[in-house]
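For reference, the structure is listed below as structure tokens.
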Amino acid sequence: MLNKTIITAGFLTSSFIAFSQDRIDPVKKANTANEVKVENKQIDEDVAEFLVKSADARMMDSKEGKLASQKGTSSAIKNYGSLMVKDQAMLLAKIKKLAAARKISLPTDISNDKIEGLVDLMKES
């Protein structure tokens, strides 16, 4: 059982690393779209940067919460993970609403840097 878990974790880790190296970073893509809007004076650069970073963090926290709810070693950890997912989804919805009202592009997923952090966390669980 332990060997199977180690092999599965190793496979998932290598898959995530390969995936993150080949994909276009969603945060960089959003920042690039926002840079054009800033240059055209359509949006405020500081607000755009804040909302992009906030969205990236909320999506990462949601993924961490999901991992905790699935792999937690106690019911308290699993419950906290579920609460994280719920709270982060609510916050992300508010961020999306603010961004839409200001015509700011947001990332569709976490950054490649955060994927690497998620992989590290998965190794530990």
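Where a number appears in this text, it was derived from the coordinates with a stated rule and is not lab data. Owing to the predicted nature of the structure, the values given are computational and were not obtained by experimental measurement. A quick note on method: Cβ atoms are made from the backbone with ideal geometry, for glycine too, and the neighbour counts reach across all protein chains shown.
Among all residue pairs at least 6 apart or on different chains, which show Cβ distances below 7 Å where the first residue, located in the range 51-72, is under 15 Å from Glu116 (Cα atoms) and the second is of a type in the set (Val, Ile, Thr) and in a helix (DSSP H, G or I)?
Asp56/Val27
Exactly one of (1) touching an Asp or Glu at 6+ places or on another chain (Cβ under 9 Å); (2) among the β-branched types (Val, Ile, Thr); (3) more than 21 Å from Thr32 (Cα to Cα) is unmet by Ile77. Its number?
The number of the failed condition is (1).
Do you know which of the residues in the range 85-113 that are of a type in the set (Gly, Ala, Ser) and not in a helix (DSSP H, G or I) is nearest to the chain's Cα centre (by Cα)?
Ser111
For the condition surrounded by 13 or more Cβ atoms within 10 Å (Cβ to Cβ) and closer than 30 Å to Glu39 by Cβ, what is the one hit in Leu67, Leu98, Leu121?
Leu98
Show the residue pairs that are 6+ apart or on different chains and have beta-carbon atoms under 8 Å apart, the first residue being within the range 100-125 and closer than 13 Å to Ser62 by Cα, the second being part of a loop (DSSP other than H, G, I, E, B) and of a type outside the set (Phe, Trp, Tyr).
Leu118/Ile110
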